[in-house]
Amino acid sequence: MVPLLFTALFGLSSPAQADPAPPHLEVRTPAAGYSLPRGTTGQLTALFLVDGKEITPAVAPAWVSSDPTVLAVTPAGAYTALTPGRVSVAATVEGVTARLELSVRSANGSTPATPQPKPPPIPKPAPGDVVATPGTPAIVGMLSAAEASKPVVADGAGLSKCGALGAHHVGTVNVRFVVEAGGWVSVARVDSTTLANPAAESCVTGRVSKLTFPAPIDGDVVSVTIPVVFSLSN
C-alpha cells in the first residue's frame, strides 16, 4: 500500500510542461545601417529563434527585395544598393517571414522622398477662416529643417480644418513627434499649447502621426518639435 501511495503523490508533484513558443525570425540591420550609400554591397542576415533559442534551420532564409531597381537582393541575401529610394526586404524560412525597411541614399548623403502626386491647389481662405501655419522646427537627429517641415506644411489645409474645431481658434500648438528610421511617425503629442482647444489639438497630433518623412541619413530615430500657429484670415 505504501509504494502505491508514494507513486500517486509523486505523479501529482510533476510540473506542467509549458507550450513551446512559436518560431520567430529577426532580420538584422546591415552593418552600414538603415540608410545605405548608393553602390554599397553586403550580406543580409537573419536570426531564427525556436522557443527563444537561436537555431540553424535546415533551409537557409530566402530573400526578396520589394524594388530590385533600388536594392538588388539575391535569394541568398547578398545585396547591392543601386538607386536612391526606399525599399523593403523580406526573409522567409520554414514558413516564417520578417521584413526590414531600408533606404538607399545618393553620394551626397541625401535620401529622396517617396514621389507623391501633386496636390490640388489650396483655395484661398475667406475672411474669418482658420489658417494653420507651421513654424520652424527644432530637431534632434539627422533630418534637415526643410525635410522636417515639408510634410507638415503640405498638410496645411488639413491642419486648418483641425483649428476650426472646438471653441477657440487662435493660438499655437507645439507638436513633438518621433520620425523612425523608415520615415514614419511613431509618436506624436502636444508639447505645449496656447490654443486651449483639446479637439483641435487631438486632431493636429492625429494628422501629424500619419505623415511620412524622408528616412534619416544615419538610420536612427529623430525627434522633431514644430509649432503650428492658428490664426484667422483677414
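The values are calculated or read from the model by the stated rules, or taken from the named source; none is laboratory data. All of these numbers come straight from a predicted model, not from anything done at the bench. Every residue, glycine as well, gets a Cβ built from its backbone with ideal geometry; the counts of neighbours run over all protein chains shown.
Of all the residues in the stretch 73-87, those that are assigned to a strand (DSSP E or B) and more than 13 Å from PRO30 (Cα to Cα) number 3. Residue pairs whose Cβ atoms lie under 8 Å apart, sitting 6 or more positions apart in sequence or on different chains, and linking a residue in the stretch 52-76 that is at negative phi and in the same structural domain as ARG86 (by TED's automatic domain parsing) to a partner that is of a type in the set (Asp, Glu) and surrounded by 15 or more Cβ atoms within 10 Å (Cβ to Cβ), do not occur here.
Table: residues versus (1) part of a strand (DSSP E or B); (2) hydrophobic (A, V, I, L, M, F, W, C); (3) buried (at least 22 other Cβ atoms within 10 Å of the Cβ).
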site: SER149; (1), (2), (3): no, no, no
site: VAL153; (1), (2), (3): no, yes, no
site: ALA200; (1), (2), (3): no, yes, yes
site: PRO227; (1), (2), (3): yes, no, no
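Filtered by the rule that a residue be in contact (Cβ under 8 Å) with a residue 40 or more places away in the chain and surrounded by fewer than 16 Cβ atoms within 10 Å (Cβ to Cβ), the stretch 207-220 gives THR212, ASP218, ASP220. Scanning the stretch 177-194 for residues that are part of a strand (DSSP E or B) and in contact (Cβ under 8 Å) with a residue 24 or more places away in the chain yields PHE177, VAL178, VAL179, TRP184, VAL185, SER186, ASP191.
Per-residue answers, yes or no, for (1) surrounded by 13 or more Cβ atoms within 10 Å (Cβ to Cβ); (2) out of contact with any Asp or Glu (no Cβ under 9 Å at 6 or more places or on another chain); (3) assigned to a loop (DSSP other than H, G, I, E, B); (4) modelled with pLDDT of 75 or more:
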| site | (1), (2), (3), (4) |
| --- | --- |
| LEU9 | no, yes, no, no |
| PRO15 | no, yes, yes, no |
| ALA21 | no, no, yes, no |
| ALA32 | yes, yes, yes, no |
| ALA46 | yes, no, no, yes |
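Restricting attention to the stretch 186-217, and to residues there that are modelled with pLDDT under 90 and in contact with a Leu (Cβ under 9 Å, 6 or more places away or on another chain), which single residue is nearest to SER103 (Cα to Cα)? Restricting to residues being modelled with pLDDT under 90 and in contact with a Leu (Cβ under 9 Å, 6 or more places away or on another chain), the top hit is ALA215. The residue of the stretch 136-147 that is nearest to VAL229 (Cα to Cα), among those that are surrounded by 15 or more Cβ atoms within 10 Å (Cβ to Cβ) and touching a strand residue (DSSP E or B) at 6+ places or on another chain (Cβ under 8 Å), is PRO137.
Consider the stretch 78-89 and keep the residues that are under 12 Å from VAL64 (Cβ atoms) and modelled with pLDDT under 90. The one that is surrounded by the fewest Cβ atoms within 10 Å (Cβ to Cβ) is SER88.
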